[in-house]
1. Restricting attention to the stretch 194-220, which residues are open to solvent by 10 Å² or more (accessible area, probe 1.4 Å), away from the ligand (no atom under 11 Å from the Cβ) and within 24 Å of Pro168 (Cβ to Cβ)?
2. Can we say Asp84 is modelled with pLDDT of 95 or more, within 16 Å of the ligand (Cβ to nearest atom), assigned to a helix (DSSP H, G or I) and touching a helix residue (DSSP H, G or I) at 6+ places or on another chain (Cβ under 8 Å)?
3. Only residues that are touching a Leu at 6+ places or on another chain (Cβ under 9 Å) and either hydroxyl-bearing (Ser, Thr, Tyr) or under 30 Å from Glu265 (Cβ atoms) (or both): list them for the stretch 1-44, please.
4. Do we have Ser45 as modelled with pLDDT of 95 or more and touching a Phe, Trp or Tyr at 6+ places or on another chain (Cβ under 6 Å) here?
5. For Thr278, indicate whether it is of a type in the set (Val, Ile, Thr), modelled with pLDDT of 95 or more, closer than 26 Å to Asn36 by Cα and surrounded by fewer than 21 Cβ atoms within 10 Å (Cβ to Cβ).
6. Check off (1) modelled with pLDDT of 95 or more; (2) within 21 Å of the chain's Cα centre (by Cα) for Gln50 and give me the number that stays unchecked.
7. Within the stretch 67-108, can you find the residues that are more than 17 Å from Ala261 (Cα to Cα) and open to solvent by 30 Å² or more (accessible area, probe 1.4 Å)?
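The values are calculated or read from the model by the stated rules, or taken from the named source; none is laboratory data. Given the structure is predicted, the values throughout are model-derived calculations rather than measurements. Ideal geometry is used to build each Cβ from the backbone, glycine not excepted, and the neighbour counts take in all protein chains shown. For the accessible areas, the whole protein counts, side chains as well, though only heavy atoms, and no ligand, DNA or RNA atoms are used. Shrake-Rupley method; radii C 1.70, N 1.55, O 1.52, S 1.80 Å.
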Amino acid sequence: MNMERNQAGDWRSCLRRVTPYVPGEQPKEQNIIKLNTNENPYPPSPAVVQSLKQMDPVRLRLYPDPSCGTLTKALADYHGVGTDQVFVGVGSDDVLAMAFITFFNSDRPVFFPDVTYSFYPVWAELFQIPCECKALDESFRIRSEDYYKANGGVIFPNPNAPTGLVEPLSFIEDILEHNRDVIVVVDEAYIDFGGQSALPLLARYENLLVTRTYSKSRSMAGVRIGYAIGSPELIRAMQDVKYSFNSYTMNQAALELGAAALADEAYFKMTTDRIVATRNAAVRRLTEQGFHCLDSAANFVFATHPQYDGEKLFAYLRQHGIYVRHFNGPRISQYLRITVGLDEEMERLYETLERAYGSL
Ligand SMILES: *Cc1c(COP(=O)(O)O)cnc(C)c1O
């Protein structure tokens, strides 16, 4: 019989150690211009504000509906799909984490781009899923041929982040054609700002999952709502995993506010149109200042200045109360990712940059 005892402190060997995702800063100071996490500069729809005012606090005594019935039904009607084709979660981060654990269970590696949403490699590590990053080409485009080889699943955002570049439906379909035996996830966090959605392809590809979020185009990052649309079989598998984790993911307020937002299409259209107009103006203005801007289809611009160091520009702006995002990764360390804000916020950005050129 082995009578050896563990040493005091051995519990440390039991810890799961991971390198976490690093979210953009949420600074506490007032009066800063926040262009660093792709939030929407406009308030949520008046329909959401109204729904919040009418909310019955007594209802909070009870658990929320675990099937998220009202919100699921509202989303199904909005997109013209069945309620059995919609999965809702606590932001699309929650939905994507569920997708990783539900769909990526092969010994083969999951494929995603090297420059993309930096949460993908974090989930792969957390869930111990083998993965392989496929390098974007010199102009930061995804090369579809890289995704033809046998793999354990494919995921990419369209438009991609942080590049903002969008691919046409024919590109998505080509990737689906070459990956009929695995799940292909298209993360459409930014699709409301440009490009064609992959949703019409659901009719022909049962292995396609499309994810969306309320955080960007619906001005509701603070409510935490995301969702996926796919074939009933994929959605059922995700539900089973969710119920094995936490049945009550969505709080009562989120369920009600999420449904209310969908009823106000006019406001949604107006605010997204404004952001697109401000984005197009931003590309023009930044280009006039000497920046090279990628052709963005999202609510941010990914830009580099050939004369000024990316990190120094980032630090200068931050010192002057303007927060943008800078990633220290290979290939992108000279770029800034600038969220599209209000027109007046963007004016402040252009002025501050002009002053930076004089002092850097
Ligand atoms: C912002 C973002 C998400 C996650 O957003 P949630 O706030 O969790 O809904 C997912 N994918 C990409 C590419 C994003 O940029």
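1. Scanning the stretch 194-220 gives Gly194, Gly195, Gln196, Ser197, Leu199, Pro200, Leu202, Ala203, Arg204, Glu206, Asn207.
2. No.
3. Ile33, Leu35, Pro41, Tyr42, Pro44
4. Judged against the criteria, Ser45 is a match.
5. Here the answer is yes, as Thr278 does meet what is asked.
6. (2)
7. Ser67, Val81, Thr83, Asp84, Gln85, Asp93, Asp94, Ile101, Asn105, Ser106, Asp107, Arg108
To keep it simple, each residue is scored yes or no on (1) modelled with pLDDT of 95 or more; (2) in a helix (DSSP H, G or I); (3) within 26 Å of Tyr214 (Cα to Cα).
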| position | (1), (2), (3) |
| --- | --- |
| Ser67 | yes, no, yes |
| Ala76 | yes, yes, yes |
| Ala97 | yes, yes, yes |
| Ser106 | yes, no, no |
| Val122 | yes, yes, yes |
| Cys133 | yes, no, no |
| Glu145 | yes, yes, no |
| Asn160 | yes, no, yes |
